[in-house]
Amino acid sequence: QVQLVESGGGLVQAGGSLRLSCAASGRTFSTLAWFRQAPGKEREFVAARWRSGSTFYTDSVKGRFAIFGDSAKNTVYLQMTKLKSEDTAVYYCAAALGYYNNYDLQTKYDSWGQGTQVTVSS
């Protein structure tokens, strides 16, 4: 049974940092990613990591967020720094069996976590 378990969300002041974790089990995934959904908005891509180590980011988080992982453990992390109020959202871990150049498309992902809330206070 495939399962993605996220942890690490919470409340932080603007300018602070948080680290999210996602542990995948049941399958070996080629791509692990993070998406987020802010209140009243569509879910959007944040960052992705291929099993080979390549990483990708949406422009709004470049230089502030870092995605890294342990391929052997099927685990991915999202280190978030210099957080802004606009980063407030529910963050979802997503896993894909393949490698895709359009890694920012939600339809490419096979499994999703339950989501973890990140709230940034200004």
Inset, instruction - Considering every residue within the range 37-53, establish whether at least one is surrounded by fewer than 22 Cβ atoms within 10 Å (Cβ to Cβ), at pLDDT below 95 and under 23 Å from GLN1 (Cβ atoms). - result: yes
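Each row is one residue, and each column tells you yes or no for (1) of a type in the set (D, E, K, R); (2) in contact with a Leu (Cβ under 9 Å, 6 or more places away or on another chain).
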{"residue": "ALA66", "(1), (2)": "no, yes"}
{"residue": "ALA72", "(1), (2)": "no, no"}
{"residue": "VAL76", "(1), (2)": "no, yes"}
{"residue": "LEU83", "(1), (2)": "no, yes"}
{"residue": "GLU86", "(1), (2)": "yes, no"}
{"residue": "TYR100", "(1), (2)": "no, no"}
{"residue": "GLN106", "(1), (2)": "no, no"}
{"residue": "SER122", "(1), (2)": "no, no"}
Legend entry - Test: VAL118 is buried (at least 20 other Cβ atoms within 10 Å of the Cβ), of a type outside the set (Gly, Ala, Ser) and either touching a residue at least 12 places away in the same chain (Cβ under 8 Å) or not in a loop (DSSP other than H, G, I, E, B) (or both): yes
Inset, instruction - Just give me the residues in the range 99-115 being surrounded by 12 or more Cβ atoms within 10 Å (Cβ to Cβ) and either part of a loop (DSSP other than H, G, I, E, B) or without any contact (Cβ under 8 Å) to a residue 24 or more places away in the chain (or both), in sequence order. - result: TYR99, TYR100, TYR103, ASP104, TYR109, ASP110, GLY113, GLY115
Legend entry - ARG27 being modelled with pLDDT under 95 and open to solvent by 20 Å² or more (accessible area, probe 1.4 Å): yes
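The values are calculated or read from the model by the stated rules, or taken from the named source; none is laboratory data. Computed from a predicted structure; not experimentally measured. When we count neighbours, we look across all protein chains shown, and the Cβ atoms used for this are built from the backbone with ideal geometry, even at glycine. Just the protein is used for accessible areas: all its heavy atoms, side chains included, with ligands, DNA and RNA removed. Shrake-Rupley method; radii C 1.70, N 1.55, O 1.52, S 1.80 Å.
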